[in-house]
Amino acid sequence: MVNKATDAFRRFGKTFGSFSPGQKTVAIFAVLAIVVGGFLFSSWVTKPTYSPLFSNLAAADAAAIVEKLTAENTPYQLAAGGQTIMVPQDKVYDLRLAMSGAGLPAQQDGGYSLLDKQGVTTSEFQQQVTYQRAMEGELAKTVKSIDGVQAAVVHLAMPEKSVFADEEKKPTAAVLVELGPGKKLAPQQVQSIVNLTSSSISGLAPEDVTVADSTGALLSTAGAVGGGAGVADARTQATHEYEDRLAASIQSMLDQVVGPGHSVAKVTSQLDFDQTQTKTEKFTSDPKTKALKESATNETYNGTGGGGAGVLGPDNIQVPAGTAAGNGTYDKKSSATENAVDKVTEVRNAAPGAVVRQSVSVLLDAKTSASLPAGEVQKLVSGAAGINTARGDQVYVSQMPFDGTAATAAQKDLAAAKADEQRAQYMSIGKTAGLGLLVALLVFFAWRQSKKTRRSDVSYAELERLDDTELAELEGFRARELAAANRTALEGGARGPADPDPSAHKRDEISAMVDRQPDEVAQLLRGWLADRRS
């Protein structure tokens, strides 16, 4: 076994020693590439895949779990600012069971698990407080599940119910959220937190929920006049979105008329975000419909009467009355009709966001729009923006020469940046092409050297196959050629300087041909020898 290994190693050394320098370089690089690639592949294959063991952990629980994992020599990774612990995927369930058996995580955020610890002797006050803490913990878990929120704390103010109170107080809530690095809650997310909190507590109105972040910024204020900071931000954002959308529509139309970069459109609007409710009642009756109830009264009186008895005068002395007498007539008629009446009640809730007033300003480049009538442009803008003069909307169109210095400089900078990018791209392509060419040359030289070596081996093999007689004849032929060459050289030396020996030049050509084409020369020699024998 040892001899076989030694022979194999000796053959490998002999083969490697027969390589040309280019072949040796290529072989060494290939071996190194295989070794490095195998190492990287084995490292990637043997690297374990990590999965979350626990998430949203408190600091104390995370420290306790990490200490236990370290004591058991279990690899782990921390994520989400230390609130999530990652372990190898094949050990997740075993470690969860082990940690649960050890009472970890011990500190919970509360929730409904607090209700499991109540006993028979728990007082009503303790039950109320525990229920409030459970609701706060559950709401905090719900808020933390929103994207961008790392931690959340919910505080509830739930007044005690009493049958003796004339007016029952409403509950309120405060939510504090801690956002992730670089995260910011959108107004829709803040409104979602408000709605989730108000919908979870009976009697809690959305306007009684306050939301703030860890920096102290108010996202939604409870009971504030006008809606608070969060609502104000939402209204401002809605106004800006409406203005930008309308300005973009007008700008696209102007670009078709005067060309891109030769006009500017700005919109300023005032939106009504008040929620209004209108209730209207209408009463109608059909005269063709028969009355529900009718009644009539008729009173008539006829008769004579004597003079009056007189009246009391000053000091209660009766003044004598006249003795005149006359006839009296009395007639009274009345009627009542009760008809069927239709009643229509209409209640309308006006959605916020109606346009109260808006103004549009358009600035045109005088260099390109001098021939355009300003009145026509104003009509186009008014139609595109939906201008209503009854509510005070206005449109202003002006023509002024634009300053193109900044645009020209920007174009030059852009052209220079593109040129630099192309130059860098060409340099990268050149480097890649040069490297590829160098590799191709190395491979070509190695292939050429191996071919030359292979040809030499073939030619030498052809020469080795010559028998002793052929070799003797070849040696005699070579000796005669050398003797003739020496004799010619001596004769030329006796005669003095002369032209170069043509036989020496031929010998040089034959030697060069043998170096270039050894196998063909060997075959030619074999043919000559065969002819001489015959």
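Of everything in the stretch 29-48 that's open to solvent by less than 60 Å² (accessible area, probe 1.4 Å) and polar (S, T, N, Q), which residue is nearest to Val87 (Cα to Cα)?
Applying the filter and picking the extreme gives Ser43.
Which one is surrounded by the most Cβ atoms within 10 Å (Cβ to Cβ) among residues in the stretch 71-93 that are under 20 Å from Pro181 (Cβ atoms) and not aliphatic (A, V, I, L, M)?
Initially, the stretch 71-93 is screened for residues under 20 Å from Pro181 (Cβ atoms), giving 77-86.
Remaining after also requiring not aliphatic (A, V, I, L, M): 77, 81-84.
Working: Gln77: 12, Gly81: 12, Gly82: 12, Gln83: 18, Thr84: 16.
Across the stretch 71-93, the extreme among qualifying residues is Gln83.
Every residue in the stretch 387-417 that is part of a helix (DSSP H, G or I) and not polar (S, T, N, Q), please.
Ala390, Arg391, Ala406, Ala407, Ala409, Ala410, Lys412, Asp413, Leu414, Ala415, Ala416, Ala417
Here is a check on your reading of the model: is Asp233 open to solvent by 60 Å² or more (accessible area, probe 1.4 Å), in a helix (DSSP H, G or I) and modelled with pLDDT of 85 or more? Give the derivation first.
Details: open to solvent by 60 Å² or more (accessible area, probe 1.4 Å): yes; in a helix (DSSP H, G or I): yes; modelled with pLDDT of 85 or more: no.
So Asp233 does not fit the description; no.
Identify, please: which residue in the stretch 185-201 is at pLDDT 85 or above and either exposed (fewer than 14 other Cβ atoms within 10 Å of the Cβ) or of a type in the set (A, V, I, L, M) (or both) and is, among those, farthest from the chain's Cα centre (by Cα)?
Once the filter is applied, the top-ranked residue is Ile201.
Matching residues to (1) on the phi > 0 side of the Ramachandran plot; (2) open to solvent by 60 Å² or more (accessible area, probe 1.4 Å); (3) within 36 Å of the chain's Cα centre (by Cα):
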position	(1), (2), (3)
Thr239	no, no, yes
Arg245	no, yes, yes
Ile250	no, no, yes
Leu254	no, no, yes
Gly259	yes, no, yes
Ala265	no, no, yes
Leu271	no, no, yes
Lys282	no, yes, no
Ala291	no, no, no
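When you scan the stretch 328-386, how many residues do you find that are small (Gly, Ala, Ser) and in a helix (DSSP H, G or I)?
8
Go through the residues of the stretch 55-70 one by one and say whether even a single one is open to solvent by 60 Å² or more (accessible area, probe 1.4 Å), among the hydroxyl-bearing types (Ser, Thr, Tyr), in contact with a Phe, Trp or Tyr (Cβ under 9 Å, 6 or more places away or on another chain) and modelled with pLDDT of 80 or more.
yes
The values are calculated or read from the model by the stated rules, or taken from the named source; none is laboratory data. Nothing here was measured: the structure is a model prediction, and the numbers come from that model. No Cβ is skipped: glycine too gets one built from the backbone with ideal geometry, and neighbour counts run over all protein chains shown. In case anyone asks, the SASA skips ligands and DNA or RNA and just uses the protein heavy atoms, side chains included. Shrake-Rupley method; radii C 1.70, N 1.55, O 1.52, S 1.80 Å.
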